[in-house]
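Q: My questions will all concern the structure given below.
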Amino acid sequence: MTHIFSHRAYFFVLKVVLFLMLGATTSCHYYHNTATHYNSYFLAREGMNKFETELFQAHQDDYNDVLSILIPIDTTVTLTYKEDLDYVITKASRPIKFHKSSDFIDECYLLVGWVRLYKGDYENALTTFKFINSKFQDENSRHAALNALLRMFIETKEEANMNLVLDIIKQQKTPYNKENTKNYHLNLAHYFRNNNFYPEAIKHLRVAADLEDKKIYRSRYYFILGQLHEKIGDINNSYVYYSKSRKISKTNELDFQSDISARSMQPVNFDDQKQQKKIDKYFEKKLKDHNYWDYRDKIYYEKAQFEMRKPDYDKALHFFNESVQVSTTNQTQKGHSYLESGKIYYDQKQDYIKAAAYYDSAVQNFNESVYGFEDIKARSENLQELAKYTAIVEENERLLKLYDMNEEERKEFLEKEIEEEREEIILRQQYAVENEKKKQKPATSSSGSFSNQESKEFYFYNTNAIAQGKAQFLRNWGSRPLEDNWRRSNKMDFNDNQVNLGNQNANNNRRNAQGEKNKEGNEEGENEGDLFADLKSLDDRIAEIPTSDDELAQINTKLGDGVFGLGKTYLYRMKMNDLALENFFRMVKQHPQHEMAHEAAYLIYVICKTDDSCDENVAKNYLISHYPDCLYSKILVNPNYIKETNERELYIEKLYTDAYKFYNQGNYNESDIKLTELFTNYPESDFEIKGRFLRVLLIGRTTKYYKIFKKALEDYLEKYPDSEFDEIAKGMLQEINETRLKNGYIPGRYHEYNITIEE
């Protein structure tokens with residue numbers, strides 16, 4: 001009985017001990033989870049959310065380009081939040097050190113990895129995310145770490161590693177949860193957007209947008225989808241997504257941008273005037289709304305985009321110009337308006353000179369962070385090069401045209417030219433005044449020469465506005481005769497190079513008073529504020545016309561330079577073979593004696609080798625027959641020409657080197673033999689002058705008479721006055737004085753040599 005009791009008591013005590021031990025273990029695990037989840041990890045996670053929210057809000061979006069799907073990781077920006085990131089890593093590291101049994105350690109490691117990624121510490125971020133993926137069993141954390149690695153390699157543009165991570169993700173057996181699925185598709189959409197693979201970006205962003213719960217992000221993703229569809233020309237879906245974004249937008253900026261973008265992309269039957277007028281009315285209402293006064297540049301920009309859909313490129317140019325003129329502080333928006341105008345002139349009108357001006361203005365207004373800035377800048381530089389050579393060609397063609405005219409025709413041509421330039425100055429001045437008014441007043445002014453109706457058209461395209469501008473100029477300034485040194489009775493005031501837009505009546509009174517003084521002979525201020533001060537006079541223009549054959553030849557040479565420069569710019573910079581050929585053909589036909597004509601002929605041959613528009617053999621034969629002595633022809637005739645020439649040059653160099661070596665050794669006869677072969681077989685080689693001077697030195701070493709040596713020096717200096725041995729030869733000549741000539745013999749010259757020159 002006692003034995004049985006003892007056995008039962010033993011098992012009872014054992015059960016109690018095991019229960020207490022298990023309870024203690026469970027209680028300890030619960031403590032670590034609680035301490036981590038509701039303390040350190042909670043604070044770290046909140047700190048990370050705060051940082052990412054501030055980073056998102058601080059990001060400056062360019063709504064004229066496809067918005068960045070994920071905020072780029074730029075350490076110059078993220079490191080300004082160093083204290084916030086240090087706080088996160090401090091809190092996230094504490095559970096790793098003190099609560100290792102917690103179920104939230106993997107989440108803490110994720111936060112540590114992200115902090116390192118934001119700081120640009122990619123090596124340690126990589127180590128952290130790989131550690132999570134290999135050491136923890138929680139599939140969601142492992143998937144989140146793979147997503148983080150994917151994002152890191154996208155940001156660092158390591159495509160090989162990115163593809164490696166994608167392969168690992170595809171091998172995962174456990175499906176991604178909703179959050180990880182969303183982030184995976186956001187990463188890929190971000191990658192494809194950055195690389196201009198818009199259809200792929202659309203595919204992934206659609207999935208991510210539908211999985212996004214927060215409206216502030218979902219509305220942004222819808223807006224980006226609208227932009228992406230617009231980029232690929234899918235107008236209907238672009239309108240759909242812009243409209244979706246507008247309906248759920250939580251910010252005024254995105255609401256405005258999505259609203260006007262939706263209107264510019266709204267499906268329209270352009271044969272239906274009512275539909276067009278409805279959209280025009282919408283834009284006009286926005287422009288008149290004082291709440292959108294600072295957004296008028298964007299409204300005009302979208303209005304221009306709508307016109308491009310018709311397409312009506314002239315109206316689009318007008319509205320892009322209006323966007324520039326009403327712009328206040330948004331330099332990037334102004335840059336996009338210039339850029340779109342440049343694209344119209346480049347792609348549609350093929351007016352590369354005007355395109356050059358607009359691209360240059362775009363570059364001036366963009367900063368380097370604008371997407372595609374380097375490509376825009378490169379095209380601008382190419383167009384500037386094109387504009388430079390075009391200006392050279394046009395100016396020299398003008399001078400040749402004037403040269404062929406008689407005196408009466410020249411005068412008529414130049415007077416008309418001056419008048420046109422004056423009219424352009426007047427119109428630009430009037431246009432500048434009107435644009436200044438647009439910036440200063442909410443409503444379009446109905447006074448002056450511009451009515452509300454007129455202001456809807458580009459000023460220089462509106463003949464009525466131009467006529468009224470001329471009339472207003474005549475009222476303010478009076479009629480000006482077309483003559484040199486003309487006198488202006490009225491003047492416009494300028495203050496710090498800006499037009500004074502003060503009281504017009506007061507200005508007129510002041511101008512009239514100034515005019516009376518000028519009539520009385522007071523001309524002290526006649527050039528102050530002169531609207532036409534920089535206009536070239538008739539006499540100056542006439543003086544530029546060539547009058548002699550030399551001047552005419554110079555003009556033709558400059559024209560040839562311009563034509564050849566245009567050809568090379570079209571070929572190498574613009575990649576336009578047809579226009580390059582056009583200029584090269586012009587070069588060889590009109591300027592066949594130009595120093596670069598042979599190269600133009602060769603470039604025609606090069607283009608014809610790959611271009612079916614011309615015959616390769618014809619180009620080759622033309623080059624060889626017209627420029628047989630140029631290097632290109634010699635190579636075409638003899639493909640081994642370069643090799644043979646190099647061997648020839650090496651042999652010539654060896655002849656001279658051997659001659660010089662024998663001279664130094666005192667073997668003058670052998671030296672002379674080498675020089676004789678050099679002069680006889682290879683006349684006018686690169687070693688001709690050096691060899692001739694060495695022959696003079698040989699004469700000095702072998703002849704008995706000063707007279708012969710002096711004659712050799714004088715002959716050398718006469719034939720090669722600017723050689724590298726000029727000073728040495730003159731020094732030797734000065735040492736042969738009258739006494740030495742009288743004595744006749746050179747001391748020590750008593751040996752007989754085959755090359756000795758006797759008197």
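Q: Can you find a residue in region 689-706 that is in contact with a Lys or Arg (Cβ under 7 Å, 6 or more places away or on another chain), among the basic types (Lys, Arg) and open to solvent by less than 90 Å² (accessible area, probe 1.4 Å)?
A: Yes, because at least one residue in region 689-706 is in contact with a Lys or Arg (Cβ under 7 Å, 6 or more places away or on another chain), among the basic types (Lys, Arg) and open to solvent by less than 90 Å² (accessible area, probe 1.4 Å).
Q: Can you run down the residue pairs with Cβ atoms below 8 Å, 6 or more apart or on separate chains, where the first is in region 655-666 and without any contact (Cβ under 8 Å) to a residue 60 or more places away in the chain and closer than 10 Å to residue 677 by Cβ and the partner is outside any helix (DSSP H, G or I) and among the hydroxyl-bearing types (Ser, Thr, Tyr)?
A: Close Cβ pairs satisfying both conditions: 655/682.
Q: Identify all residues within region 659-685 that are within 18 Å of residue 647 (Cα to Cα) and in contact with a helix residue (DSSP H, G or I) (Cβ under 7 Å, 6 or more places away or on another chain); write none if there are none.
A: Selection gives 674, 677, 678, 679, 682, 685.
Q: Which one of these is out of contact with any Asp or Glu (no Cβ under 9 Å at 6 or more places or on another chain) and within 29 Å of residue 298 (Cα to Cα): 187, 183, 163, 252?
A: It is 252.
Q: Pull out all pairs, ordered by first then second residue, where Cβ-Cβ is under 9 Å, the residues are six or more apart or on different chains, the first lies in region 406-418 and is on the phi < 0 side of the Ramachandran plot, and the second is open to solvent by 100 Å² or more (accessible area, probe 1.4 Å) and assigned to a helix (DSSP H, G or I).
A: If the second residue must be open to solvent by 100 Å² or more (accessible area, probe 1.4 Å) and assigned to a helix (DSSP H, G or I), the pairs left are 413/401.
Q: Follow-up. Mind listing whichever residues of region 362-380 are free of Cβ contacts under 8 Å to residues at least 60 places away in the same chain and open to solvent by 30 Å² or more (accessible area, probe 1.4 Å)?
A: Within region 362-380, 364, 367, 368, 369, 374, 375, 377, 378, 379 meet the criteria.
Q: While we're on this one: Name the residues in region 567-584 that are open to solvent by 10 Å² or more (accessible area, probe 1.4 Å) and under 20 Å from residue 553 (Cα atoms), would you?
A: Result: 583, single match.
Q: Within region 264-290, how many residues are over 24 Å from residue 253 (Cβ atoms) and in contact (Cβ under 8 Å) with a residue 40 or more places away in the chain?
A: Qualifying residue count, region 264-290: 2.
Rundown of residues vs (1) crowded, with 17+ Cβ neighbours inside 10 Å; (2) more than 29 Å from residue 566 (Cβ to Cβ), yes/no style:
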site: 604; (1), (2): yes, no
site: 608; (1), (2): yes, no
site: 621; (1), (2): no, no
site: 627; (1), (2): yes, no
site: 639; (1), (2): no, yes
site: 643; (1), (2): no, yes
site: 652; (1), (2): yes, yes
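Q: Looking at region 618-635, which of its residues are under 38 Å from the mean Cα position of the chain (by Cα) and assigned to a helix (DSSP H, G or I)?
A: Answer for region 618-635, where residues must be under 38 Å from the mean Cα position of the chain (by Cα) and assigned to a helix (DSSP H, G or I): 619, 620, 623, 631, 632, 633, 635.
Q: Which of the residues that make up region 402-419 are closer than 21 Å to residue 550 by Cα, touching a helix residue (DSSP H, G or I) at 6+ places or on another chain (Cβ under 8 Å) and assigned to a helix (DSSP H, G or I)?
A: Passing the criteria: 402, 403, 410.
Q: Could you please tell me which pairs satisfy a Cβ distance under 7 Å, a separation of 6+ or placement on different chains, a first residue in region 65-83 that is free of Cβ contacts under 8 Å to residues at least 24 places away in the same chain, and a second residue that is open to solvent by 30 Å² or more (accessible area, probe 1.4 Å)?
A: Close Cβ pairs satisfying both conditions: 71/56; 71/59.
Q: Sticking with this structure for a sec: Look at residue 664 and say whether it is of a type outside the set (Asp, Glu) and open to solvent by 70 Å² or more (accessible area, probe 1.4 Å).
A: Criteria met by residue 664.
Q: I'd like the residue in region 555-566 that is open to solvent by less than 20 Å² (accessible area, probe 1.4 Å) and β-branched (Val, Ile, Thr) and, out of all such residues, is farthest from the chain's Cα centre (by Cα).
A: 555
Q: While we're on this one: Find the helices (runs of 4 or more DSSP H) located wholly in region 246-351 whose residues include 2 or more that are open to solvent by less than 20 Å² (accessible area, probe 1.4 Å) and among the β-branched types (Val, Ile, Thr), and list them.
A: 313-326
Q: Of all residues in region 622-664, how many are among the hydrophobic types (A, V, I, L, M, F, W, C) and closer than 27 Å to residue 608 by Cα?
A: 8
Q: Could you give me the residue pairs with C-beta distances under 8 Å whose first residue belongs to region 291-320 and is hydroxyl-bearing (Ser, Thr, Tyr), whose second residue is outside any helix (DSSP H, G or I) and open to solvent by 10 Å² or more (accessible area, probe 1.4 Å) wherever it lies, and which are 6+ apart or on separate chains?
A: 301/64; 313/349
Q: Restricting to region 199-224, name every residue that is within 27 Å of the chain's Cα centre (by Cα) and surrounded by 20 or more Cβ atoms within 10 Å (Cβ to Cβ).
A: 201, 224, listed by residue number.
Q: So which of 643, 674, 634, 654 is among the charged types (D, E, K, R) and closer than 30 Å to residue 593 by Cβ?
A: The conditions single out 634.
The values are calculated or read from the model by the stated rules, or taken from the named source; none is laboratory data. Since this is a predicted model, take the numbers as computed values, not measurements. Every residue, glycine among them, receives a Cβ derived from its backbone with ideal geometry; neighbour counts consider all protein chains shown. When the accessible area is computed, the model is the full protein with side chains, heavy atoms only, and any ligands, DNA or RNA have been set aside. Shrake-Rupley method; radii C 1.70, N 1.55, O 1.52, S 1.80 Å.
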